[in-house]
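Where a number appears in this text, it was derived from the coordinates with a stated rule and is not lab data. Note that the structure is predicted; figures quoted are calculated from it, not measured. Here the Cβ positions follow ideal geometry from the backbone for every residue, glycine too, while neighbour counts run over all protein chains shown.
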Amino acid sequence: MSSLLNQTHDPKLTSWLACANTGTSDFPIQNLPFAIFRRAGSTESFRGGVAIGDQIVDLSALSKMHLLDGDVADALKLCCQPTLNEFMAKPSATWSALRAALSAALAQGSPIEAEVRACLVPQSDAEYDLPCRIGDYTDFYTSIHHATSVGSLFRPDNPLLPNYKWVPIGYHGRSSSIDVSGQSFPRPKGQTKAPDADKPSLGPCKRLDYEMEVGIYIGGGNALGDSIAIDESDEHIFGMCLFNDWSARDIQAWEYQPLGPFLAKNFASTVSPWVVTNEALAPFRTSWTRDVRDPQPLEYLTSDRNSQLGAYDIELEVAIETPAMREAGQSAQKLTQSSFRHSYWTTAQMIAHHTVNGCNFVAGDFIGSGTQSGPNSEEAGSLLELSNGGKQQVALGNGETRTFLEDGDAVVMSGFCEKDGAVRIGFGQCYSLVLPAK
Ligand code: CA
């Protein structure tokens, strides 16, 4: 792992911006995540920004100051655009060079502090857009705990299908309905059929759910026909975000066989605005193991590097904010917490598998990790699991209960990485609100 770390990860590094150095900020100088933003309510162009403390470094303003030279100046120029696709398409060395330059510019003692300070925009004044044009989106299913408990609800006799332990299961999702935190959307309508009904009917979804996932942005892609070997995957992972894969469970139960999710999933999905780079996550990578009682993966899904560094210890949390909480001025109530490190398949395995047949990734493509449920029942990443298929009410702490989401409910996801010897980094929030059906 030491080879993945450099001076930008140094836990002793601090910024001249004091609010970044508190130890509790999501955005210390060791993080430096990217987003696309502008001042809220303005007609400014959207452009790239990097978070530091409670501020955003406006990369377009910084670029115009011509403080940085060479490749870094070119990289900065790409971040002035309203999407990060062209920057993401560059080699990882370019991402790294810009990160190192921004780290130096924001560090205590930087000779350009005054100039960079003039480029800051408060996060409280900003609105965000998607960080890039998401071309294709694939959703995996990498938590065996989620797959087993959901499988047992849909197929009590046969919860985990025989391919699960051999194939990183996924399906091609829809990118047009992926939006950024702050998204609200009408409750989907669809075709459902109760088990005792003799025919299906059309109506608003009655079992609306969230899915707590990690989103992975692909940087440089691969040519059609080529594969990305498992140990090459880091060159293709630009960064990660929080991802809410909204799911209509009653529509899903009726439509999902034989081809998998369709209208149960494509009405809305929400990403957090900040992309935490793969480089920023380096200190929180950890070993990945496969239970010796389980089949070991085929060779193209196996490597020493993957075993040593394949897992990411990202803590994920979900909270719910009901209309009653909002009216009472109460904060959102936590529903669950788990970690991406429990994933049965790693990000490197997902990428190696996705391309083993020659399928090409393009910069800005997006991967969902699948719902990240941990080994314990309270670590479940969806209401479907927490309510045991809608059979048990989930207590919210203010006297309210839920089995599935009601109109006006907002789901708030957050995530962070914490470990001895490293500075805590966070992902910010992924907030989205359910409106009544149209
Ligand atoms: Ca999903």
About its Cα centre, how strong a charge dipole does the chain have in debye, to the nearest 20, once Lys and Arg get +1 and Asp and Glu get -1 at the Cβ? 600 debye
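Between S377 and E235, what length in nm is gained on full extension when 0.36 nm per residue of separation is reduced by their alpha carbon distance? Kindly include the intermediate steps, with their values, before the conclusion.
Values: separation 142, 0.36 × 142 = 51.12 nm, distance 3.54 nm.
Answer, rounded to one decimal: 47.6 nm.
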Dipole of the chain, positive end: most advanced residue of F154, C359, L224 [Cβ charges, Cα centre]: F154
Ranking request for peptides 93-101, 424-432: highest mean number of other beta-carbon atoms within 10 Å first, then the rest in descending order. 424-432, 93-101
Radius ratio Rg over Rh of the stretch 262-378, counting only Cα atoms, Kirkwood formula for Rh: 1.03
Take the alpha-carbon centre of the stretch 102-178, take the same for the stretch 191-241, and report the distance between them in whole Å. 10 Å
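Could you compute how fast the stretch 367-409 diffuses translationally, taking Rh as the Kirkwood radius over C-alpha pairs and applying Stokes-Einstein at 4 °C with viscosity 1.567 mPa s? Give it in µm² per second.
113 µm²/s
Gain in length, D71 to Q191, computed as 0.36 nm per residue apart minus the alpha-carbon separation, to one decimal in nm? The partial results should precede the final answer.
Values: separation 120, 0.36 × 120 = 43.20 nm, distance 5.32 nm.
Result: 37.9 nm gained on full extension.
So what is the 222 nm mean residue ellipticity for the chain from helices alone, if each DSSP H run of at least 4 adds -39500 (n - 2.57) and you divide by all residues, rounding to the nearest 500 deg cm²/dmol?
Values: 11 runs with 81 residues, N = 438.
Mean residue ellipticity at 222 nm (helix-derived): -5000 deg cm²/dmol.
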Pairwise Lys count, the chain - Cα closer than 28 Å, eight or more residues apart or different chains: 28
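Sort 170-180, 153-163 by packing, meaning the average of other beta carbons within 10 Å per residue, with the highest value first. Mind showing how you got there, number by number?
Numbers: 170-180: 17.0, 153-163: 11.4.
Output ranking for 170-180, 153-163: 170-180, 153-163.
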Per DSSP, the loop-located trypsin sites (Lys or Arg not before Pro) within the stretch 275-341 having at most 10 other beta carbons within 10 Å are R293
